[in-house]
Every structure is written in C-alpha cells, then in structure tokens.
1. Evaluate the relative contact order of chain A (contact order divided by residue number), counting alpha-carbon pairs under 8 angstrom at least 6 apart; express in whole percent.
2. What accessible area, summed over both chains, is buried at the B-C interface (1.4 Å probe, Å², nearest 100)?
3. Once the whole set of protein chains is in place, how much accessible area is left on A:ASP48, using a 1.4 Å probe, in Å² to the nearest 10?
4. Let's test the formula: R0 of 51 Å, r as the Cβ-Cβ distance of A:LEU278 and C:ALA64. What FRET efficiency results, to the nearest 0.05?
5. Taking square-rooted eigenvalues a ≥ b ≥ c of the alpha carbon gyration tensor, is the protein assembly as shown rounded, prolate or oblate, where a/c under 1.5 means rounded and, failing that, a/b exceeding b/c means prolate?
6. Tell me, which residues of the stretch A:212-229 get at least 40 Å² less accessible area when the other protein chains come in, versus the chain alone (1.4 Å probe)?
7. Place +1 on the Cβ of every Lys and Arg and -1 on the Cβ of every Asp and Glu in chain B, take the dipole about the Cα centre, and give the residue among B:THR174, B:GLN124, B:ALA273 whose Cα lies farthest towards its positive end.
8. Taking the Cα centre of chain C as origin, work out the dipole magnitude from +1 charges on Lys and Arg Cβ and -1 charges on Asp and Glu Cβ, in debye rounded to 20.
Amino acid sequence: MQSVPGFDTAVMRCIRQTVRMSDRVLITISDGIADVRFNRADKRNALDAEQFLAIAAAGERLKAEPGVRVVVLSGEGASFCAGLDLSTMAVIADPSSAERSGNPGQLTEGGITHLGQQICWVWQELAVPVIAAVHGHALGGGLQIALGADIRFVHPTTQMSVREVYWGLVPDMTGTFTLSKLVRTDVAKELTFTARVFSGTQAGEYGIATHVTETPYDDAMVLAREIADRSPGAVRASKELFNRMATEGAAEQFAAERRLIGEQIGTPNQNEAVVAGLEKRPPVFQD
Amino acid sequence: MQSVPGFDTAVMRCIRQTVRMSDRVLITISDGIADVRFNRADKRNALDAEQFLAIAAAGERLKAEPGVRVVVLSGEGASFCAGLDLSTMAVIADPSSAERSGNPGQLTEGGITHLGQQICWVWQELAVPVIAAVHGHALGGGLQIALGADIRFVHPTTQMSVREVYWGLVPDMTGTFTLSKLVRTDVAKELTFTARVFSGTQAGEYGIATHVTETPYDDAMVLAREIADRSPGAVRASKELFNRMATEGAAEQFAAERRLIGEQIGTPNQNEAVVAGLEKRPPVFQD
Amino acid sequence: MQSVPGFDTAVMRCIRQTVRMSDRVLITISDGIADVRFNRADKRNALDAEQFLAIAAAGERLKAEPGVRVVVLSGEGASFCAGLDLSTMAVIADPSSAERSGNPGQLTEGGITHLGQQICWVWQELAVPVIAAVHGHALGGGLQIALGADIRFVHPTTQMSVREVYWGLVPDMTGTFTLSKLVRTDVAKELTFTARVFSGTQAGEYGIATHVTETPYDDAMVLAREIADRSPGAVRASKELFNRMATEGAAEQFAAERRLIGEQIGTPNQNEAVVAGLEKRPPVFQD
C-alpha cells in the first residue's frame, strides 16, 4: 500500500480537518469509551484509498480527543475487514499502473509508517488501550489492523488469513512485526507462506486471538468498561511500559516491509498471482 | 518502591553483615539446595521496608555461599507473598508523605535496580537456578518476585494479580520486563490494565506458571534435586546463556518503570485509587 | 563441536567440490522440493566429523541450486538424529585429546558460526523455507538441527532432549538461541538444566514441534508442495522479513555459546560427566 496516490502531509492535514464529515468510519464516544466502526458494510469493509484515509484519520482524531480512556474497533455488517478491495488488486495487476512502481511511498508525517502501515500502527501510537472485536472476515490488511490492537476478541467462525503471499505480495502493513510478537516464528512463517485461511478458533490456539467468543463486540465493550474504570494515568503508563519492549525495532522492520514488497510488486510472478487469483485459476510461477 | 527510605550503599553493607540475624527470611542449605522461605506468615509475607531489605540481603548472601547449586523460594504460612503491606499503601496515600515524592530512589550498589526491583531481580543475578514454589497469594510485588525466578511451580488455587493499576500505580518491580518475556503482550496488557485476580490454573494457561500442581513446594524440591545432581558448571553456564537473551534491555526497562511510577505517585488519581481502595468504595477518577 | 579438526576454508572449498560424491546426506530435488535425508541409519544418523561436514556441505549445495523452492529435512532409518556420536564423546573424555582444548574453532567462511553451529544455522541462511520431519530420536545436536528448520513436524513418540548438560556441556550448536525463540525461558531452562528426555507429544505442548503427527515426513511433503506452489519470490521475501526479527542477536549468542562450552570442556566435572555417562554410573561432581 505504499503507493496510495497523493498521500502526503498536505493530505494528512486535510484529513484531520475533514474527518468529522467522513462516514467511512463511525466514532461514538461515551463514558470514556470510543466505539470505532468501519462503515463500508457493502464491501465487507474492504480497503480502498478512501478507507485507508478514513481509518488513519480516525486514529488521529482519537489521539486529540479528551476523555477517551479505551477504544473498541469493530466492523459494521458481516465482517471486520476483508482486506484490500479487489479493485485495488486489479490496479496492482495492470502493468501500466503507477501503483505497480514499487515506490516506497510517503511516510506519515513524523512517523515510521506509510499509510497502509499507519492504519494498523496508529492503534499502538494511541496512549490508551485499543480492543479489536473481530467477526466475519479479517483477511490480509484486515488481519493486520486487528493485530495492531492491544487485545483481540474474535468470533470462532471468523475467516482469517495472512493473505498477501497468495497475491504474490508480502504482509507489508506492520504484520510481519506484530505477528512475530504474538505467534511463534514457525507458526507465523507457515501461515504466511501458505496464505491459508484459518478460523477464529484456530486463531485462539495460535495466539492471534486473545479471546475466542461468540460475542466479540459485547465482550470487548465489557472489558473496555472495566479498563475505563481504572485510573487512566496508570493504564496509559502501563501501555507505555509494555510498548517500550513490544515496539522495539518497529521502524526498521516497517522499512524492510516497504522495501521487500517494493521488490515484489510488478514482477512477472506477482502479476501472475494477481491475474490468476482474479481469474480463479491456478497460477504458474517461474523460478 | 523507589522510596524506601535510607536504602543506600551503607545500608547494603550493613545488611550483608547482619543478614544472619534476621528471621524475616529463613535459609536452610542442604545437599546443594538452598531452601529460602519468606517468614512473615502473620502478614501473608507482605512487603514492608524490613521485608524488602531481608529478601535483598538473602539474595546477596546466596551469591556468596559456596556449595549452593539450586535455590527454592517459598512462603511460610498461607501464602507466597500478598504484595505490598497495606501500611505502605497508607503511607503512599498520605499527601504529606515523603514516599509520595516520586523520588526514583537509590540504585542498588553497582546494579540496574532499586530495592523494590532488586528483590525480584536478584534471583536472575544468582548464577544458579532459582525455582519458586507459589501458593495462597502472589499479588503485586509478590507476583513480581515469583516472575523473577527461573521456574515456577504454582498451586491451582493461588490468587495472583498484576495488582498495581488497582492502586493507581504501575508494576515497577521488574514485572513489566519479566511478564513481557513469559506472556504474550495482549495477555500481559489485559492482566495489567484490569488488575484482575486470576488463579494458578489460569497462570498455567497464560504461561506465568511453568507447572500447576497441588504440591508446589514438594515438586520444586524434586526438580531442585534433579538439577543439583547435574554438573554445576554446565548448569550455571546454561543459565548464563539463556539469560544473555532473556535479560537484554533490562536496565532500560527498569529505568522506565522507575520513571513512570514516579509520574503516577502523588497524582490526585493515584491518591484516589489508594484512598478508595482502603475505604473499599469505587474510585472516581479524572481524565 | 568447536574443535572438529581441520575445518577451515580450504576444507570448505573441498567440500563444495566433492559434495555430490558423499552419500552421508542424500538430496533428491523434484518439482521445486529438495528432499534432504541424513543417511547414516546404522548409527541413527549420529554426528561424527564426516557427518558434520556432509550436512554443512548439503546446505551449501542447496544455496546454489536453482529451482529449489522448499527443503524437507529427515533421517533415514529409525531416527532423525541421535546427536553426537559416542566415539566423539570418548574423544572429549580423553584428557590427552586435542578436542578437549576448548579451542573455539574456525568460523565458517564469512559466517557467524563454527561447523557445529553451521549444520543447524545453514537452514536459516537458506532463502527458501526448510521443514524438518522428525521421528525416532532428536537428541542434543540432533534436536538443535531440527530447531534450525523453519517448521517442524514431529512424531509423537520421538525421544527428544536438550542433552548437553548430561555430558557436562552446554547446548552450543545454536540451540540456546533457537530454543529461546520458540519456547518460554522457564521451559527452555528446565529442559536444559535437567537434560530430560521428552516426547514429540510434549514437544508440541512446549512449542518445539509446530505439528505433532503420526506421519511427519508425509505431512512435511504435503506442506512443502503447498508452499512450492506459491510465488517463490513472495515466499523468500516473507522468510527474509520474519528472519530479520527472529535472527537478531544471533552472532553474539553463538559467540557466547562457543565461549561458554570452551570453559566447560576439559574441566574435571565435564570429564566426570562423560566418563560416568559412558560407564552408566551416577556421576559425582565437585562444586
């Protein structure tokens, strides 16, 4: 996602000003809990350029919002987030597309991420705890957003996948970092190499889901209430202390993600992966 | 615990000379196994200034003791250690108290810890393996002492908690470091943010207990015997090799713990947490 | 294993030239999958000097082999690898032996390992995924080879052990590094201190086995096929990304392994461990 066009600091400022007008991400703040909902239900909250911007902007708004003690992330409709919009995939598969250039993209203002990484990482940048309530689908970028939260409640039937290798890509939205922190390296590698779809129940066994539950949103709200009733400074200081260790090395890893996906995008094999995927036929790769 | 008054290198020398006279921690050495028991059963081995000093001194004595191949830590009476003494809590809640100053406290002589951290970390400094046998309660500082051991046997009904946020504090006795090494970050954060009490059985599921057993002390002694019968140099060298990786970054994390609890102590919210806790009423916090 | 005589860059060049003639490790490459079998079945694939060289050479050959997308490691006959050959043990126990000198040995050409470490680490150096299929025995060095693979399929009845402390040694073939990455430190220490033999089933519980299965080789081949059908550049880039984090600090840890085993080899306790082990009597150690 390093190539979302026009994402630069001017756009970022614009986003900050206009965030309240976007309905792509809904934010309701009540009693210290910010209820954040991805609101593109007709597309299973898939990520197109506007959705990337709306999620990043939502994170920025919450940083500045007084009185927020906990954030709960969830998706309207049938899914948390189905990953990249297929239209974005088609753009990547078009040999004439500028999106295929492997351009590492603009870093976010003062940050260690580009936009695609930022919609996952902003939840770690927030000083308060962020809880994800995941159901339906969490594929590719959608999974990486969930991994960016502090705590995850996941419905057992959720379809999840480190999907990027299927498209000839690598997980480049902070996922190689966050997955490595939660899951043994052998498991992280197998899930990534195979791009296999796994269930919320399996996510609990792997360590990707903190809790597997039939009611992820309700349970996330109960935990959010419990945390919001604690001394907010002590909670924020605790997140800062755990993040000191958990986020060490992040900048270098994110730079490596940008570099290595840049080396994949536009290669014949990557093009074949996308075209074959869209045509629903087995791909044929060259060594 | 950065503010235990008068803990400086002169005191440390004094402790080393007088350790054999203290009965707050009992040490019996037999056949290469040092059986170390916290001995303040009437207070569930809660930590007051004298107990802090006695535990640190016990660790120093064992460093110098020839023929010790393994250490077993346990608590006399009903509990391993119930955490901070409530009298210490009351001192923290007193607005006129010097303990509330946020003074980062004296570092231990030549060390990377202050006294509160040292009673946990000294077990990693010891060259020989340290096994904790935990029962009854391991709350707050008591849990952090157990986390400082190399291996933990825990009774299933033990009540355990990362209790500090309940008191408007953060775990500042090496616990953010040791917990991060044993437990996934999402689990560590949830336990810390909520200050929830969990059982020894749950500790086994989280990765906090190495073994959950009805007979933690007996089992710890059996394992101690097994290890003490191995070549002691090879055992010490193995601990050194694993600790090279497991203790990297400890000094910086402990400094962050001291800084961030210093920023909490004496705030209105922290005072409210302690007063409400002692009065057994729900606290009311400001943003 | 730092003292395998004559292992230097001249030998390494020689190995590279003669590898195809050795039958100590069999390599069959078919449809992108390199099937690598340790082929010293009469000795349960135990490691003598020739076996060390043959395994290292196999890794080097695969680095240069075009068209390899996945590697599967396994052992001919009854076991994956029973560890050091007992004849090597006897050499270590001989006070007049040059192998007892604690000489840190030649580093591999341009590498961060000596030969004993290289036969484990070369599988991480390979750009493509490496899957180990483990059965029978994986003791000492044999376990450390398996830990060097990216993913492990293990038969439930496999006898496994971090065996080195039993011989008065420490795991010095990258095992303190790889074990620390897969297993909680308390578990890694207990397994190492005790040198206990554990089963493949237990390996699954500890996190040492990715999968516990009755058919490790068949299952490894199925997974290899699945990975080999993915875009090979994306798979290699993914391994590189996960390895950026998983291999950080490896050089320093391997140097520490070489130094600390050097301090054990040739000591009276280490000699006693080997002699008693070979004589099948309880050892008597000095403090």
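1. Relative contact order for chain A comes out at 20 percent.
2. For B against C, buried area totals roughly 2900 Å².
3. We get 30 Å² for A:ASP48.
4. 0.90
5. Note, shape of the protein assembly as shown comes out oblate.
6. A:GLU226
7. Working it through, the farthest residue towards the positive pole turns out to be B:GLN124.
8. Dipole magnitude for chain C comes out near 280 debye.
The values are calculated or read from the model by the stated rules, or taken from the named source; none is laboratory data. Being a predicted model, the structure only gives us computed values, none of them experimental. Cβ atoms come from the backbone with ideal geometry, glycine included; neighbour counts cover every protein chain shown. Just so you know, the surface numbers come from the protein's heavy atoms only, side chains and all, with ligands and any DNA or RNA stripped out. Shrake-Rupley method; radii C 1.70, N 1.55, O 1.52, S 1.80 Å.
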